[in-house]
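Shown next, in structure tokens, is the structure this report addresses.
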Amino acid sequence: MEILQDMGGTVLTTLLSIAALFLLTKLMGAKQVSQMTMFDYVTGITIGSAAAELATELENPHKPLTALVVYALAAVAISLLTSKSLKARAALTGKPLVLLENGVIYRENLKKAKLDLNEFLTYCRAGGWFDLNQLQAAVFEHNGTVSFLPRETERPATPADLHQNPKQSQVQTPFIMDGQLLRGNLRQAGKEEAWVQRELLRQGYRDQGEVFLALWDGRETLTVFPQTPAKR
């Protein structure tokens, strides 16, 4: 009986830690799950440790919960500080470092970035640059990524280079997902269900249930992906 009580308490504190992590991560913003600074990284690890302790702390769950809240508030305060102060931003998030420019590789900036030449070349190859002569500059960003600026003669040609003026593409809007018609998206796009049904019939679909995904391109094209049987 005591074991069941302990298990029930652990389940409740675990659910509490999950809810607290979700709410606090929402409070701190999307950087915690994408492009993190060093401070975001340290805060994320510490908050994860506190959440793990909260999940198993049955006697005093308020202690790790308090630590979670304090770390989250500190992260929000640091974010606000760095958005208003250039000095704080440089101290806490760091500055971009130019690793290569005009055919010169800067050894000192490589040291500051804690990169050796092999690691730098790996970044270049991962970015699709196997010939350094094609690069005008390479910059080490504060989130640990490397950005590349190709030479003008090496970058892909654009329509402007070819004196062309193509129509602007639009973000595709899903109208059908998993066989379900998304009426809210239809209303926002100014389209009617009858138009969707006509497009489906034109492409050989009897109803929306046969469609896995349908995307509208902002003009008059509906791209349809059919439902597929389970792969054996």
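The values are calculated or read from the model by the stated rules, or taken from the named source; none is laboratory data. Quantities reported herein were computed from a predicted structural model and do not represent experimental measurements. Cβ coordinates were reconstructed from backbone atoms using ideal geometry, including for glycine residues, and neighbour counts include every protein chain displayed. Only protein heavy atoms, including side chains, enter the accessible area calculation; ligands, DNA and RNA are left aside. Shrake-Rupley method; radii C 1.70, N 1.55, O 1.52, S 1.80 Å.
Things to note:
- Over 13 Å [Cα-Cα, the range 162-203], rounded percent: 63 percent
- Applying Stokes-Einstein at 10 °C and 1.306 mPa s to the Kirkwood radius of the range 57-185, computed over alpha-carbon pairs, gives a translational diffusion coefficient of 80 µm² s⁻¹.
- The range 119-133 - phi-based ³J(HN,Hα) in whole Hz, Karplus 6.51/-1.76/1.60, Gly and Pro as x: 5, 4, 5, 5, 4, 4, 5, 4, x, x, 10, 9, 10, 5, 5
- In the range 150-206, the portion of solvent-accessible area held by carbon and sulfur atoms comes to 48 percent [1.4 Å probe, whole percent, DNA, RNA and ligands not counted].
- Nonlocal amide H pairs with V146, under 5 Å, H built at 1.01 Å: E141
- A simple packing score, the average count of other Cβ atoms within 10 Å per residue, orders the peptides 199-206, 62-69 as 62-69, 199-206, with the highest score first.
- Surface accessible to a 1.4 Å probe, per residue, for the residues of the range 108-191, Å²: 71 Å²
- For the pair N102 and R187, label points projected 7 Å from Cα toward Cβ lie 5.9 nm apart.
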